[in-house]
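**Q** Take a look at the following structure, please.
Every number in this text was worked out from the coordinates using simple rules, so none of it is lab data. Remember, it's a predicted structure, so these values are computed and weren't measured experimentally. Methodologically, a virtual Cβ is constructed for each residue, glycine included, from the backbone with ideal geometry; neighbour enumeration extends over all protein chains shown.
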Amino acid sequence: MAEKSSLVIVESPAKARTIQSFLGRGYKVSASMGHIKNLPERKLGIDIEHGFEPTYNIIKGKKKILKELKSEAKKSSQVLLAADADREGETICAHLAEEIEPVNKNISRILFHEITSSAIKDSLKHVTSIDINKVDSGKARRVLDRLVGYKISPLLWKKVRKGLSAGRVQTVALKIVVDREKEIKAFVPEEYYLIFGKFANQNKEEFSAQLKEFKGEKITKFSKDEAPNIKMDAEKQSFIVKSIISKDEKRKAPAPLITSSMQQQAHRVFHFSAQRTMRVAQQLYEGVNIGNEITGLITYMRTDSFNLSKSAQEKAREFILKNFGKEYLPATAPKFKAKKGAQEAHEAIRPTNVEFSPDKIKEYLDPYQLRLYTLIYNRFLASQMSPKITEVTTIKLEGGDYVFVTENRKTKFDGYTILVKKDEEENGSEETNILPVLKEQEKVKLLEVALEQKFTQPPPRYTEGTLIKKLEEEGIGRPSTYAPIMNTIKDRDYIRSVKGELYPSELGTVVVELLIENFPTIFYEKFTSEMEQNLDEVEEGKRKWSDMVKDFYTSFEPVLNKASVDMKDIKKEREVITDEKCPECGGNLIVKDGRFGQFLACSNFPRCRYTKRMLKKVGMKCPNQDCGGEIVEMKNKRGRVFYGCSNYPNCRWIASYLPSEKLEDRKQRTEDSQQNVKDSK
């Protein structure tokens, strides 16, 4: 009789193929295709009266997969659950265990943070059980989100329009974008001046300096009233070189990437959306065919820890010494301070094999994979390298009440920046203002004083990268939630990205204002951050999940009941009676808001059900030259914006982008849209 094999269950087929190639005979690796259970689609699914216990159902389309997994489990010696090492993964494992236990009780959990042969085989030596605290934390998050979404969203459908949603975290993210837009619109620029002097030394070599001290006080900005007088007075002074100070400035290497910083950098450098970044990172993690062997190229990509394994640091140091030289290798391996609340069980995102340099494996990666892998690889290796050393020479020129300052920065040693020069570009050029030879107490001649007019600037609009950074700083969300948050508020048409900047839509602004007005204690940064801390306490076993949910609901329910009565009816307020007559009954047509935008409906509804769509023109002519129509914005059944011709059906021009958009933006929009359709299935 043949010996029974062990069944290993992971989430995705790609991960299953990779792990199967490592384990070989004696193991059968299958995929659950993500979650097998979820809360019901069309009802709350939370028993509020009995401890907020959720009711999970088998997801539509997963019964066949579960049947196959149970069949495999029945004929296996043991079942090893190997979903990702986070709350979502632990929940998947718990649900699988519930379904498989009747046919095979020998169920264990294995954990790994990289998909390499050594990591997988090592996990088999340290078999453990499902972390119930982590499952409970995931349950609490799911119940909280369901209570907020299912209790508040219907209010928005009734008072604003159908198809809208509110979310415990997504609404706070939207609020941050809306608040920034209000700041920008309320901003009143103030005029000020910078003052520069052009000087010459004894050899008539010219250089410039900026006025930074006046009457013994450090000051760089001058009002429009005082600047002309200062200019006139400064021009009368005689100047000498007061001091010349040179010193070395060390800039330490940045930490290796974590989920948030990876998304921020990928957006800044490559203009990747958070969704695309995580999709590509998942591919690199699950495995790529390198030659004839599939291997995971990076460690787990949902992490907020800067930790690195000792072996990874040692291998990085060997690689740096061999390929860059001892001057690039610090005396001891660098350490990075953990972020507050970070889950220290994970490592930072790093390559699984430092010998797989981007140049060595680029032929096996697609362009997106290569870009992101290069970013991760270079940041990891740079984090283990010596600091950059810049020689900074500061010269002060004094005359009367005025001190002009000039500075020269010269790179003495590039250090870690040999790998991450793009990070340096964010901070400006290092080589500045080449100065002539000067000596202390030397007389210099002031040739002219120039005023440079400036205006204070409003705070910048958020990009996906900077919004994720803000959420991280405020303690809102966790590594696994950043990309879904971005995706949700874009899909709901609450925000729009224009040349990378996030603008709240009129709809997004209305929704936020209504929710903040009616739920003043829930949709705020501090409250949401505290909820994340409470979830962490559940995961750490310091608090019961049901007690946490009960505390929330006790304060939430009366506010919800009050909002049900008091919330402003935007839908009715925005209904405008027009002079246009209904062609079917002669009644006046009314402008209404619908899921797919505004439309005209008969005022005699429901007796007359005539409707007519309203076209939202974008100010561009149809690309079909013989058409003469205009491009209009429309929405499909999923709420996604697309563009068509106003002369439809005579002209059938249609696109998911405007003709003026850059090719890269078009590709990203199309790919993200296609992925959203796949995800929804």
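**Q** Once you keep just the Cα pairs under 8 angstrom separated by 6 or more residues, what percentage relative contact order results for the chain?
**A** Numbers: 1182 pairs, mean separation 100.8, N = 681.
Computed value for the chain: 15 percent relative contact order.
**Q** Oh, and also: Using the Cα centre as the reference, give the magnitude of the dipole from point charges on the C-beta atoms of the stretch 6-130 (Lys, Arg: +1; Asp, Glu: -1; all else neutral), rounded to the nearest 20 debye.
**A** Details: 20 positive and 16 negative charges, 151 e Å.
The dipole magnitude comes to about 720 debye.
**Q** Cross-link partners among lysines for LYS75, C-alpha distance below 17 Å, same-chain residues fewer than 8 apart left out?
**A** Here the lysines satisfying the reach criterion relative to LYS75 are LYS4, LYS28, LYS67, LYS105.
**Q** Could you check the simple spin-label distance between ILE577 and GLN598, using points 7 Å along Cα→Cβ, in nm with one decimal?
**A** 1.8
**Q** Next question, about the same structure. Taking the simple approach of a point 7 Å from Cα along Cα-to-Cβ for both ARG652 and LYS221, what is their distance in nm?
**A** Result for the modelled spin labels: 5.8 nm.
**Q** What are the ³J(HN,Hα) couplings of the stretch 156-169, residue after residue, when phi is run through the Karplus curve with 6.51, -1.76, 1.60 and θ = phi - 60°? Round to Hz, x for glycine and proline.
**A** For the stretch 156-169, the Karplus curve yields 5, 4, 6, 9, 10, 5, 5, x, 8, 8, 10, x, 4, 9 Hz.
**Q** At 222 nm, what value in deg cm²/dmol follows for the chain if DSSP H runs of at least 4 each add -39500 (n - 2.57) and the sum is divided by all its residues, to the nearest 500?
**A** On the way: 20 runs with 255 residues, N = 681.
One gets -12000 deg cm²/dmol as the mean residue ellipticity at 222 nm.
**Q** Using the Cα atoms as the points, what is the convex hull volume per residue of the stretch 109-214 in Å³? Show your work: numbers first, answer last.
**A** Details: hull volume 38.9 nm³, N = 106.
Value for the stretch 109-214: 367 Å³ per residue.
**Q** I'd like the trypsin sites (Lys or Arg not before Pro) in the stretch 163-232 restricted to DSSP loop residues with at most 13 other Cβ atoms within 10 Å, sorted by number.
**A** Details: sites: ARG168, LYS175, ARG180, LYS182, LYS185, LYS198, LYS204, LYS212, LYS215, LYS218, LYS221, LYS224, LYS231; in loops: ARG168, LYS204, LYS215, LYS221, LYS224.
Passing sites in the stretch 163-232 are LYS204, LYS215, LYS221, LYS224.
**Q** Tell me which GluC sites (Glu not before Pro) from the stretch 501-567 have a DSSP coil assignment and no more than 12 other beta carbons within 10 Å of their own.
**A** GLU540
**Q** Please give every one of the lysines within straight-line cross-link reach of LYS337, meaning a C-alpha to C-alpha distance under 20 Å, and leave out same-chain neighbours fewer than 8 residues apart.
**A** In chain and number order, the partners are LYS250, LYS252, LYS310, LYS388, LYS469, LYS470.
**Q** For the stretch 527-583, just the Cα set please: Rg and Dmax, both in angstrom.
**A** So, for the stretch 527-583, Rg and Dmax equal 21.1, 67 Å respectively.
**Q** If we restrict to alpha carbons, what Rg and Dmax does the stretch 41-97 come to, in Å?
**A** Cα-based Rg and Dmax for the stretch 41-97 come out at 14.2, 41 Å.
**Q** Over every pair of different alpha-carbon atoms in the stretch 575-614, take the mean of 1/r and invert it; report that Kirkwood radius in Å. Walk me through the numbers before you get to the answer.
**A** Numbers: mean 1/r = 0.1020 Å⁻¹.
Kirkwood hydrodynamic radius for the stretch 575-614: 9.8 Å.
**Q** Give the calculated FRET efficiency between SER71 and LYS544 to the nearest 0.05, with a Förster radius of 30 Å applied to their Cβ-Cβ distance.
**A** Values: r = 37 Å, r/R0 = 1.22.
Given R0 = 30 Å and the Cβ-Cβ separation, E is 0.25.
**Q** Once amide H atoms are built 1.01 Å from N in the peptide plane, which residues 5 or more positions from ASN588, or in another chain, come under 5 Å H to H?
**A** CYS582, SER603
**Q** Let me ask something else about it. Where the centroid of each part is defined by its Cα atoms, how far is the stretch 449-468 from the stretch 57-73 in Å?
**A** Here the two parts' Cα centres lie 54 Å apart.
**Q** LYS182 to GLU363: extension gain in nm, 0.36 nm per residue of separation minus the Cα-Cα distance? List each step's numbers first, then the result.
**A** Working: separation 181, 0.36 × 181 = 65.16 nm, distance 4.77 nm.
Between LYS182 and GLU363, full extension yields an extra 60.4 nm.
**Q** OK, next. Test of understanding: ordering HIS50, HIS346 by Cβ neighbours within 10 Å, fewest first, what list do you get? Don't jump to the answer; show the numbers that get you there.
**A** On the way: HIS50 8, HIS346 22.
Fewest-to-most ranking of HIS50, HIS346: HIS50, HIS346.
**Q** With 18 Å as the cut-off, how large is the P(r) tail for the stretch 259-383, expressed as percent of Cα-Cα pairs?
**A** Tail of the P(r) past 18 Å holds 54 percent of the pairs.
**Q** Below 17 Å, Cα to Cα, which aspartates and glutamates can LYS568 reach? Residues fewer than 8 away in the same chain don't count.
**A** Straight-line reach from LYS568, under 17 Å: GLU506, GLU513, GLU517, ASP593.
**Q** A further question follows. Do any trypsin sites (Lys or Arg not before Pro) in the stretch 429-522 lie in a DSSP loop with no more than 12 other beta carbon atoms within 10 Å, and if so, which? Spell out each step's value before the answer.
**A** On the way: sites: LYS439, LYS443, LYS445, LYS454, ARG461, LYS469, LYS470, LYS490, ARG492, ARG496, LYS499; in loops: LYS439, ARG461, ARG492, LYS499.
Answer by residue number: LYS439, LYS499.
**Q** Treat the count of other C-beta atoms within 10 Å as a stand-in for reagent exposure and order CYS627, CYS585, CYS602 from fewest to most.
**A** Values: CYS627 16, CYS585 13, CYS602 22.
Arranged by neighbour count, lowest to highest, CYS627, CYS585, CYS602 become CYS585, CYS627, CYS602.
**Q** Could you give the length gained by full extension between GLU630 and THR456, i.e. 0.36 nm per residue of separation minus their alpha carbon distance, to one decimal place? Working shown, then result.
**A** On the way: separation 174, 0.36 × 174 = 62.64 nm, distance 3.90 nm.
The GLU630-THR456 span can extend by a further 58.7 nm.
**Q** What list of ³J(HN,Hα) values in whole Hz, one per residue of the stretch 126-142 in order, does the Karplus curve 6.51 cos²θ - 1.76 cosθ + 1.60 (θ = phi - 60°) give from phi, with Gly and Pro shown as x?
**A** For the stretch 126-142, the Karplus curve yields 10, 5, 9, 10, 5, 7, 5, 4, 5, 4, 5, 5, x, 5, 4, 4, 5 Hz.
**Q** Starting at the first residue of the stretch 318-329, write each ³J(HN,Hα) from the Karplus equation 6.51 cos²θ - 1.76 cosθ + 1.60 with θ = phi - 60°, in whole Hz, x for Gly and Pro.
**A** Couplings: 4, 5, 5, 4, 6, 9, 10, x, 5, 5, 8, 10 Hz.
**Q** Further question on the same structure: Given points 7 Å out from each Cα along the Cα-Cβ axis, report the PHE527 to ILE290 separation in nanometres with one decimal.
**A** Each label point lies 7 Å from its Cα, and together they span 4.9 nm.
**Q** Let me ask you something else. Looking at SER480, PHE552, GLY51, which one has the Cα that reaches farthest to the positive end of the dipole of the chain (charges on Cβ: Lys, Arg +1; Asp, Glu -1)?
**A** GLY51
**Q** Here's a follow-up. Starting from 0.36 nm per residue, how many nanometres of slack lie between ARG25 and VAL437 once their C-alpha separation is accounted for?
**A** On the way: separation 412, 0.36 × 412 = 148.32 nm, distance 7.43 nm.
Full extension from ARG25 to VAL437 adds 140.9 nm.
**Q** Beyond a 24 Å Cα-Cα separation, which of these cross-linked pairs lie in this structure: LYS182/LYS490; LYS182/LYS221; LYS490/LYS542; LYS550/LYS572? All intermediate terms of the calculation are to be shown ahead of the outcome.
**A** Working: LYS182/LYS490 19 Å; LYS182/LYS221 26 Å; LYS490/LYS542 36 Å; LYS550/LYS572 35 Å.
Listed pairs above 24 Å: LYS182/LYS221; LYS490/LYS542; LYS550/LYS572.
**Q** Kindly put PHE199, PHE556, PHE599 in sequence by how many other C-beta atoms sit within 10 Å of each C-beta, fewest to most.
**A** Taking fewest neighbouring Cβ atoms as first place, the list is PHE599, PHE556, PHE199.
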